[in-house]
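Structure first, commentary second.
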Amino acid sequence: MLFGALEAGGTKMVMAIGNENGEILEQKSIPTETPDITVIQIIEYFRDKNISALGIGSFGPIDLDRNSKTYGYITSTPKLAWSNYDLVGAIQKELNIPIGFDTDVNASALGEATWGAIMGVPSGIYITIGTGIGMGVYMNGSLLHGMLHPEGGHILLHKHPEDTFEGSCPYHPNCMEGLAAGPAIEKRWGKKAVMIEKDSKAWEMEAYYIAEGLVNYILTLSPHRIVLGGGVMHQEHLFPLIREQVAKLLNGYVKTSQLADLDSYIVPASLNDNQGIMGCIQLAKMELALAK
Ligand code: ADP
Ligand code: ZN
């Protein structure tokens with residue numbers, strides 16, 4: 001059986017066809033322009049591919065409340081052309097198949113939970129540190145939505161004592177995304193993150209902010225494992241720095257067997273950057289099962 005997967009991002013749309021084992025058979029990326037240009041291309045890609053269902057992991061905020069009139073919409077995004085846009089409805093109207101819908105980061109959490117680093121544990125969270133920061137939560141077999149969905153990238157942090165950067169989030173002077181996403185690193189240090197030397201203060205500061213975020217997630221969600229993905233986390237030397245800061249900030253308060261082994265508690269994304277698209281395949285499978 002074939003499934004469609006769409007990772008809807010603010011800069012690009014990744015579309016793929018996969019099977020029930022999460023194997024990706026073909027994949028294509030297109031730039032995210034306005035809905036009237038981009039959604040037509042999405043529909044054309046998936047039409048005639050013989051897919052039984054589609055899974056969408058989308059940038060947000062999005063409406064995930066199935067009882068809401070605007071379920072399936074991208075809601076209040078600053079990308080104005082996509083604001084209050086009925087993404088699921090527009091695609092459903094043309095393809096007429098079950099469509100699973102969730103946040104991009106929840107899809108990644110689901111991909112890791114189904115085929116990757118969150119397999120075999122009852123709960124886990126996935127955090128992307130890239131152009132933005134987002135957090136998805138997988139708990140006891142389902143993805144956490146709550147009132148809207150977690151917006152874990154915008155939690156408020158203490159500034160690093162030596163940080164004079166004002167933050168790059170238009171909403172919050174000291175949120176995690178504004179202080180630690182790729183663009184914040186690049187504005188603060190005046191160069192591409194990938195060009196910053198491994199021994200730079202930049203990485204100590206980055207690890208400090210990521211660890212502050214993780215400690216807040218550990219204390220509120222109590223996940224069994226934390227997976228870190230996204231472009232910035234390709235800097236693998238961040239992992240030991242983050243683990244060290246997490247231990248320091250928790251200061252022994254939470255004692256579990258998982259926290260006693262931070263090397264297997266805080267881990268890199270494990271699916272070659274396909275966690276999102278594979279999660280979308282699983283979203284499609286789950287939606288098909290619901291529809292039956
Ligand atoms: P997106 O978040 O848009 O889906 P990415 O996860 O690739 O995409 O994140 C892009 C951001 O990550 C950019 O700000 C870029 O500078 C940063 N980035 C990408 N690769 C690296 C790398 N190897 N090292 C450090 N930063 C990186
Ligand atoms: Zn913010």
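To the nearest 20 debye, what charge dipole does the chain have about its Cα centre, counting +1 at the Cβ of each Lys and Arg and -1 at the Cβ of each Asp and Glu? Before the final figure, lay out each step's value.
Values: 21 positive and 32 negative charges, 51 e Å.
In total the dipole reaches around 240 debye.
Students often check this: by mean Cβ neighbours within 10 Å, which of 3-13, 135-145 ranks highest, and how do the rest follow? Mind showing how you got there, number by number?
On the way: 3-13: 22.5, 135-145: 19.0.
In descending order of packing, they fall as 3-13, 135-145.
Computed FRET efficiency, Cβ-Cβ of GLU20 and ASP199, R0 35 Å: what is it to the nearest 0.05?
Details: r = 46 Å, r/R0 = 1.31.
It comes out at approximately 0.15.
I'd like the Karplus ³J(HN,Hα) series for region 230-242: coefficients 6.51, -1.76, 1.60, θ = phi - 60°, whole numbers in Hz, and an x wherever there's a Gly or Pro.
For region 230-242, the Karplus-derived couplings read x, x, 4, 6, 5, 7, 5, 5, 5, 4, x, 5, 5 Hz, x marking Gly and Pro.
Express as a percent, rounded to the nearest 5, the fraction of DSSP beta bridges in region 117-268 (both residues included) that run antiparallel. Working shown, then result.
Details: 10 of 17 bridges.
Close to 60 percent.
Net charge around ALA247, counting only other residues with Cβ within less than 14 Å of its Cβ (Lys, Arg = +1; Asp, Glu = -1)? Intermediate results must be reported in sequence, preceding the final value.
Numbers: positive: ARG243, LYS248, LYS255; negative: GLU212, GLU244, ASP261, ASP263.
Combined, the nearby Lys, Arg, Asp and Glu give -1.
What does a probe at LYS248 reach in region 137-181, counting residues whose amide N is under 12 Å from the point 7 Å along Cα→Cβ?
160-162
Determine ³J(HN,Hα), in whole Hz, for all residues of region 133-143 in sequence, where each value follows from phi through the Karplus function 6.51 cos²θ - 1.76 cosθ + 1.60 and θ = phi - 60°; x replaces Gly and Pro.
Karplus-based 3J(HN,Hα) across region 133-143 equals 10, x, 9, x, 10, 10, 9, 6, x, 9, 8 Hz.
How much length is gained on full extension from ILE40 to HIS234, taking 0.36 nm per residue of separation minus their Cα-Cα distance?
Values: separation 194, 0.36 × 194 = 69.84 nm, distance 3.31 nm.
Full extension of this stretch gives 66.5 nm more.
Run the numbers on the chain and let me know its relative contact order in percent, using alpha-carbon pairs under 8 Å that are six or more apart.
23 percent
Within 10 Å, count the other beta carbons around each residue, average over each peptide in 274-287, 170-183, 241-254, and list them highest first.
On the way: 274-287: 27.7, 170-183: 20.3, 241-254: 15.4.
Order by mean packing, descending: 274-287, 170-183, 241-254.
For THR103, which sequence-distant residues (separation of 5 or more, or a different chain) have an amide H within less than 5 Å of its own amide H, given hydrogens modelled in the peptide plane?
SER58
Just to check I understand the Karplus step: with θ = phi - 60° and J = 6.51 cos²θ - 1.76 cosθ + 1.60, what whole-Hz values come out for region 219-227, glycine and proline as x?
So the Karplus estimates, Gly and Pro as x, are 6, 8, 9, 6, x, 6, 7, 10, 10 Hz.
Exactly which GluC sites (Glu not before Pro) in region 190-232 are in a DSSP loop and have at most 15 other Cβ atoms within 10 Å?
Details: sites: GLU197, GLU204, GLU206, GLU212; in loops: GLU197.
Passing both the DSSP loop test and the Cβ count: GLU197.
Evaluate the charge dipole of region 41-138 about its Cα centre and quote only its size in Debye, nearest 20, assuming +1 on the Cβ of each Lys and Arg and -1 on the Cβ of each Asp and Glu. Spell out each step's value before the answer.
Working: 6 positive and 9 negative charges, 19 e Å.
Charge dipole, region 41-138, about its Cα centre: 100 debye, nearest 20.
Using the Kirkwood formula over every pair of different C-alpha atoms, what hydrodynamic radius in Å results for region 2-103? List each step's numbers first, then the result.
Values: mean 1/r = 0.0736 Å⁻¹.
In region 2-103 this quantity evaluates to 13.6 Å.
Could you please tell me the mean projected area of the C-alpha convex hull for the chain, averaged over all directions and given in square nanometres to one decimal?
On the way: hull surface 59.9 nm².
It is 15.0 nm².
Considering only Cα-Cα distances, which of the following residue pairs are longer than 18 Å: LYS159/LYS201; LYS28/LYS192; LYS69/LYS292; LYS12/LYS198; LYS69/LYS93; LYS79/LYS285?
Pairs exceeding 18 Å: LYS28/LYS192; LYS69/LYS292; LYS12/LYS198; LYS79/LYS285.
Just add up the charged neighbours of GLY132: K/R +1, D/E -1, any other residue whose Cβ is under 10 Å from the Cβ of GLY132.
Working: positive: none; negative: ASP104, GLU177.
Here the charged neighbours net out to -2.
The numbers here are math on the coordinates, done by the rules we state, and not lab data. Owing to the predicted nature of the structure, the values given are computational and were not obtained by experimental measurement. All Cβ positions, even for glycine, are placed from backbone atoms using ideal geometry, and neighbour counts span all protein chains on display.
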